[in-house]
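Read the structure below first, then the notes.
Each value in this text was obtained by applying a stated rule to the coordinates, not by laboratory testing. The structure displayed is predicted, hence computed values, not measured ones. Cβ atoms come from the backbone with ideal geometry, glycine included; neighbour counts cover every protein chain shown.
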Amino acid sequence: MPKTTPFTKVKSGYERTGIRFRCSLQNTILDVLRARPGWTEVTTEGGAWDIYWADVWWMREIFDRAYLEDQMRLNHFRNHFELTRKNLMVKNLKRLRRSLEREAGKAEAQKCDFFPSTYELPSEYHIFVDEFRRCPGTIWIMKPIAKSQGKGIFLFRKLKDITDWKRGVEYQPPIQSVGDGAPQQIETYVVQRYIENPYLIGGRKFDIRVYVLVTSYSPLKAWLYRAGFARFANTRYSLDSIDDNYVHLTNVAIQKTAPDYDPEKGCKWSTQQLRQYLTAKHGQTAVKALFQQMTNIFVLSLQSCQRVIINDKHCFELYGYDILIDSNLKPWLIEINASPSLTASSKEDYELKFGLLNDVLNVLDLENKLSGKEKRIGLFDLMWDNGPVVGAEGKLEETVVPYTSSTDSMLGCVNDRMDNLRHTYETANALKKVT
Ligand SMILES: Nc1ncnc2c1ncn2[C@@H]1O[C@H](COP(=O)(O)OP(=O)(O)OP(=O)(O)O)[C@@H](O)[C@H]1O
């Protein structure tokens, strides 16, 4: 019998019972942990636990001096920021692209061309200025590396538009930020080529949130969740108003402050609804290729930091990928979040996040119920298991996910605000043909 207790003998062997959990967050994850049959919450500081849904502060301050018993599981890797800090993600991706080019040639390296040209500021300011001058008329987007929810982001066309920022950096002494634990200076930004031709639905820009679970970096083992959602901007897209965040930034935190935002509708579609729409407009082959390219992004980005991340058998990570599709149906990686929002914005959102987190716990299998050979657990598909998993590619677009009520209500969300009625009518008709 395994050493750790308590275990209960069942037909198939031994199942662990009486799992003890701790949780730093007060949102859906706490509900999910509390709903697990037989699991008990540990609230006392220093109390023994089997799984801890910790915040990044705990990882930075406590992890290094914590003694972890074999069975204990934690929801972050120690240096998770290697993939989830905007500047470090790009650094790791650029390194992977260079090494692919060296070892396998240009064509192979081109597989990494899924992130827009990006430079870290102020350290790469001069390289950026060279690139800026090479591409006159291009729009760029400035993003502070340690902030989220669209805070501090702005678009610009002229170098003089960032002189205020530049002046601030020149006169500010380097300060070590607490942030998420990676060393940094407070004013570090990334400047990135703005994707000027996003795919529009109902004249609105959107991005897609996809969940990927990593249970090991060495060897790499990653699971792709079938359900996700698209987040729409509230205002019609135009390049005339590059200062308008409601047009250009699709973060819910920004959009929900729009004067005509409707919290009931929330302007989210499930990935499944998006797939139906795209299939109606472009056909199955094109949409399949799009979702396969997205799988490629997930795998290559994880591989880019595989050697850098401190692998630890106690740790797992649930990533929230933000993907933007352009008008040529090419997916772009915008960002990867280590702490994707688990706070629900509507009933459907709650159901999605509850199911997602419950499936994360099922994959982790603290109860010792699974054989370890499963390729599908709940809505998670094993995407990479020290190599590609046969049949895993493109799963994201294949499954019907019971997320929101109907295709009609999905169209309602965006169409309510559409001015172009002819386009709406054609879209609805096309959808009827495929549903
Ligand atoms: N290169 C880009 N081209 C076009 N749009 C972009 C680009 N980068 C960011 N955006 C838009 O800005 C939004 C915010 O960007 P990003 O996700 O990088 O910032 P954030 O503040 O860290 O957001 P989050 O709250 O998701 O962490 C994106 O959702 C997207 O709509």
Taking N as the residue count of the stretch 7-74, its alpha carbon Rg divided by 2.2 N^0.38 Å gives 1.22
Which entries of Lys281/Lys330; Lys205/Lys330; Lys94/Lys147 have Cα-Cα distances beyond 18 Å here? Lys94/Lys147
Taking Rh as the Kirkwood radius, which is the inverse of the mean 1/r over Cα pairs, what is the Rg/Rh value for the stretch 258-327? 1.10
Report the per residue volume, in Å³, of the convex hull enclosing the C-alpha atoms of the stretch 1-155. 219
Going highest first, how would you order 371-377, 16-22, 102-108, 127-133 by mean Cβ packing within 10 Å? 16-22, 127-133, 371-377, 102-108
If packing is taken as the average number of other Cβ atoms within 10 Å across a peptide's residues, how do 321-329, 214-222 rank, most packed first? 214-222, 321-329
Hey, can you rank 197-209, 140-152 by average C-beta count inside 10 Å, highest first? 197-209, 140-152
